[in-house]
Each structure stands twice: as C-alpha cells, then as structure tokens.
1. Quick check on my filter: what residues within the stretch 162-195 are in a helix (DSSP H, G or I), more than 16 Å from ASN148 (Cβ to Cβ) and hydroxyl-bearing (Ser, Thr, Tyr)?
2. From the list LEU164, LEU149, LEU142, which residue is closer than 17 Å to VAL81 by Cβ, in contact (Cβ under 8 Å) with a residue 40 or more places away in the chain and either open to solvent by 20 Å² or more (accessible area, probe 1.4 Å) or not charged (D, E, K, R) (or both)?
3. With respect to ALA136, determine if the residue is touching a residue at least 60 places away in the same chain (Cβ under 8 Å), open to solvent by less than 20 Å² (accessible area, probe 1.4 Å) and either part of a helix (DSSP H, G or I) or out of contact with any strand residue (DSSP E or B) (no Cβ under 8 Å at 6 or more places or on another chain) (or both).
4. Which residues, taken from the stretch 170-194, are among the aromatic types (Phe, Trp, Tyr) and open to solvent by 30 Å² or more (accessible area, probe 1.4 Å)?
5. Here's a check for you: in the stretch 27-37, which residue that is in contact with a helix residue (DSSP H, G or I) (Cβ under 8 Å, 6 or more places away or on another chain) and either of a type in the set (Ser, Thr, Tyr) or without any contact (Cβ under 8 Å) to a residue 40 or more places away in the chain (or both) is surrounded by the fewest Cβ atoms within 10 Å (Cβ to Cβ)?
6. Does the stretch 150-162 include one or more residues that are among the basic types (Lys, Arg) and more than 22 Å from ALA31 (Cα to Cα)?
Amino acid sequence: MITDYSIQAVAINAIPLIFAITIHEAAHGYAARKFGDNTAYMLGRVTLNPIKHIDPVGTILIPLLLILSGAPFLVGYAKPVPVNFGRLRNPRIDSIWVALAGPGSNFIQALIWAIFLIILFGFGVNERFLLAMAQAGITWNLVLLVFNLFPLPPLDGGRILASLLPARQSIAFGKLEPYGFFIVLALIFTGVIGSFWMEPLTAFFKSVVYVVTLPLQMLF
C-alpha cells in the first residue's frame, strides 16, 4: 500500500515525476515535428513547461482518487500531445516512432537517474534525499515506460498496435480509445495489469538498465 504522502516523500518524487511526464509528452511532439507534423510545436506542446502538459482528469483527479482510496499503485496521464497523423511523411510507420518517443524518453531518463545514483554511491555521497530521488527517478520512469506500452488506446502501446494492424482491424481497434483508459483502470483494480504486465516488464527493463550501466558500476 502507498502510505507515505509526507512533504518529504512528495519532494523526493515530485522532481523526477514532473520530468518523466513532461519530457515524455514533449518527446511525442518533437518526434511528430521531425516526421513532418508541426501541430504540437505550433500549439506550444514541445516544451519542458509542465503546466502545458497537465490534464485535469489524468494528472490531478485520477491520482487524487487513487491516493484517497488507498490504492497500492499510483497512475495517471498527461494531456495527450496533438498529432495530425495525416501530415506525417509516412503515416503508418512514422506514427509508430511518434508513439515510441514517449516511452523511449522514459527509458533514457531511467538510465540518466541510474548513472546519477551510481556516481553518488561511487563518490561516497550519503545524502539520503538525493539517493532517494535518484531511485524514485528510476522507478517512475520505468513504471511510465511499461504502463504506456500497454497495447490499448489511448496509451502509446495501443497506438503502436493500431499502426501494425491491417486497416480494417486498426479502425475497429481505434474505436476503443474513448473507453481505453477506464478499461485499463479496471484491469489495474483486478490485478491483471500488475501481475501480468507491470511487474514482469518493469523487472525486465530494470535489468536492462542494470546491464547498460554495468561498465560504469565496475569503475567504482
């Protein structure tokens, strides 16, 4: 159960979580621009200003309800970055890269936080606040990475799957988008996502981060 919502705990988690969400959304807009769609850029969404990415329901209401209900998890989402897929140079392929940009940015951030943590340990820094923040940065980014890869729209994994399906099936699958997040919430409450998706994939990506940073660990 999540029980620690003290000021210290909020402070430890706030910075890595804000960066994780903000860079995730900005990465979608940046990738879309690179592949030919300037919609997000023109609307000011390719930015590290977190206010631009806050969604009243996904960023505030749902996490608040989960906290008040004593849920053993905390999830939410930011305001989706607008992408005009028709403007992409190769909509079917480029949309996959645009969707992958967000989770990809979370993986890179997890690596950066892991490197920061290794350096702290390596130089004997025992500042508990910094150590806890680095660990939170790794955890939050891996959780967001895995959660957003779940293959159901409007999550990134759903958009990737829709791009891989044949046209007719893709259109039918896309009709789930208005209900997708609520379906995901139901799967979370029943423990399906936690046991069969979040836990094994988070452990997998954590091991990948460990392997990638192993050379640096060996230096210390």
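The values are calculated or read from the model by the stated rules, or taken from the named source; none is laboratory data. Note that the structure is predicted; figures quoted are calculated from it, not measured. FYI the Cβ positions are ideal-geometry reconstructions off the backbone, even for glycines, and counts take in every protein chain you see. Surface areas here come from the heavy atoms of the whole protein model, side chains and all, with no ligands, DNA or RNA. Shrake-Rupley method; radii C 1.70, N 1.55, O 1.52, S 1.80 Å.
1. Scanning the stretch 162-195 gives SER170, TYR179, SER195.
2. Details: LEU164 fails: closer than 17 Å to VAL81 by Cβ; LEU142 fails: closer than 17 Å to VAL81 by Cβ.
Of the residues listed, the single one that is closer than 17 Å to VAL81 by Cβ, in contact (Cβ under 8 Å) with a residue 40 or more places away in the chain and either open to solvent by 20 Å² or more (accessible area, probe 1.4 Å) or not charged (D, E, K, R) (or both) is LEU149.
3. yes
4. Step one: of the stretch 170-194, the residues among the aromatic types (Phe, Trp, Tyr) are 173, 179, 181-182, 189.
The answer is PHE173, TYR179, PHE182, PHE189.
5. Of the stretch 27-37, the ones in contact with a helix residue (DSSP H, G or I) (Cβ under 8 Å, 6 or more places away or on another chain) are 27-33, 35-37.
Those still in the list that are either of a type in the set (Ser, Thr, Tyr) or without any contact (Cβ under 8 Å) to a residue 40 or more places away in the chain (or both) too: 30, 33.
Values: TYR30: 20, ARG33: 18.
The selected residue is ARG33.
6. Within the stretch 150-162, the first condition is being among the basic types (Lys, Arg), and the residues that meet it are 159.
In the following step, the residues that additionally are more than 22 Å from ALA31 (Cα to Cα) were identified as none.
No, the conditions are met nowhere in the stretch 150-162.
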